[in-house]
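Bear in mind these aren't lab numbers, they're just calculated from the coordinates by the rules spelled out. Everything quoted here is computed from the prediction, not taken from an experiment. Note that we place each Cβ from the backbone using ideal geometry, even for glycine, and neighbour counts take in every protein chain shown.
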């Protein structure tokens, strides 16, 4: 029986890139995540949608291993997190542009490339690739302090891609970016998923971005209200848009809570 | 490789920040030079007003480098009006002398009072010998003076400067490294670092090495400047001075980055100066420890600057060798190790691994 169960769990992990099981987290008395479970398959573009303060950032930080769950288990690529070796396979883009503004764009990329132990040759290749991808090649020699907000965001994305990770975790990648660039970033994310088979997690509070995800999880007050493909969710709640789904799911949650 | 990448980045950031570089390398020279001139200034002769004084005494005062001004009558107001340091009155009838001191600068007043007493005593002695010549042998002739440390030309600044050299390293390294890591915290780059496979000890090591290099350069500049330009006594080996300062810099670095985790902004980092830095000065050896209350002496023992000041003074002024300062060096190493371990633990806030 026991062996059987183990094999069963192995089976789950082998097919999925990320599993989060019954995770709880609170800062002081405030509960931030409440019994969160989710599974993300390889090659999926997974959207975490919810208002600010819903717990999205805490959840992705836990998947990266920067926060520790109070209880529950997180596996990434079949390893229990936190795990230093797995970080080599995760490209993380934080909500704020964490860049060294005294350095040039190229120096920022080089610095992070060395942290991932890329050799000189690989560094060159990946820097060229990543900077081309976010359209920053001509601005690489400029200091980041001279970059515009959008350029900084793009550089952050390039850094997240620098070590060619299997898994991309992007925390609100399109905040403060003009519509044109937003479109091109989303185009690139879809290409990375389709052509390179990367697994991508994106947090956002914009519903039209959610529509582009394969699977969407709606997060509010530290709980996952609902999850599924955008069309599944719309059918389930018989709603015309994800906005509506979100509202209806929220109402349902309140009803459940008051019933309890 | 990760460590060297971090060190390279820290060096690059510092080199591009010209003002911080200036603060680190030029400001200590400026302060040191200023203090050198302040402590080596020529003393101005005291001005003494006298009434009804014998000529012999007046010449005696003048020989003792006191400017004498004779008055027929004078009072306290004369002292203020004529900016005298003191007024010596001799009552014509009783021969009793009264000294009025301006005492706006107590140490100057005390020195004048002492000089006057000496001159009067010497004169009384001379008179006594005239009466009884057989006493002449008992008077003090010229005494040959020998010095264990320094010579007759050494001044307070020579003792002070080794401590200052150490203090500059401590202060600037503390501030610059503390704010350096603080900025990594506030801009989110530290968190960003923690999402890469870098280890916590690698970050701490790189910070120590990166800023340590600048601390060594600073030490060399300051010490060479002090010895060659300001002609400060350097009895021991400059290599030992660099070694002491390197250890002190490690302590300052690790303390700076440790305290930066308790500061939310640069301004809050500055608030650590009166708490963590200024008290160190009092125990660095500028004020003699022996005279302090017992609990103060105990407090001195937990100040890194106490050991660094003792070692620096030992090497630069007294010419001490490595064995004589080994106790101080070990104490500094212990401080550094404690702070470094605490730093590695403090980074757990960002990632438990």
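If each of residue A:190 and residue B:287 carries a label point 7 Å out from its Cα toward its Cβ, how far apart are those two points in nm?
Distance between the two pseudo-spin positions: 7.4 nm.
Quick one: order B:313, B:90, A:124 by neighbouring beta-carbon count within 10 Å, fewest to most.
Ranked by crowding around the Cβ, least crowded first: A:124, B:90, B:313.
What does DSSP give for the protein assembly as shown in terms of the percent of beta bridges that are antiparallel, rounded to the nearest 5?
50 percent
Run through the DSSP bridge list for the range B:46-138 and note the antiparallel percent, rounded to the nearest 5.
35 percent
Do the sum for the protein assembly as shown: with -39,500 (n - 2.57) for every DSSP H run of n ≥ 4, divided by all residues, what is the mean residue ellipticity at 222 nm, to the nearest 500 deg cm²/dmol?
Computed ellipticity for the protein assembly as shown at 222 nm equals -17500 deg cm²/dmol.
How tilted is helix A:242-259 with respect to the longest principal axis of chain A? Cα atoms for both, answer in degrees (0 to 90, nearest 10).
Result, in degrees: 40.
I'd like the orientation of helix B:200-228 relative to chain B: the angle between its Cα long axis and the longest Cα principal axis, in ° from 0 to 90, rounded to 10.
Result, in degrees: 30.
Could you check the simple spin-label distance between residue B:296 and residue A:26, using points 7 Å along Cα→Cβ, in nm with one decimal?
Placing both labels 7 Å beyond Cα along the Cβ direction yields 5.0 nm.
What order do you get for B:144, B:81 when you list them from fewest to most C-beta neighbours inside 10 Å?
B:144, B:81
How do A:27, B:272 line up, fewest other C-beta atoms within 10 Å first?
Fewest-to-most Cβ neighbours within 10 Å comes out as A:27, B:272.
Just order B:171-177, B:100-106 by mean Cβ neighbour count inside 10 Å, highest at the front, would you?
Top of the packing list down: B:171-177, B:100-106.
For chain A, what's the relative contact order in percent, using C-alpha pairs closer than 8 Å and at least 6 residues apart?
Contact order relative to length: 24 percent.
In degrees, nearest 10, range 0 to 90: what is the angle between the Cα axis of helix B:2-16 and the longest Cα principal axis of chain B?
50 degrees
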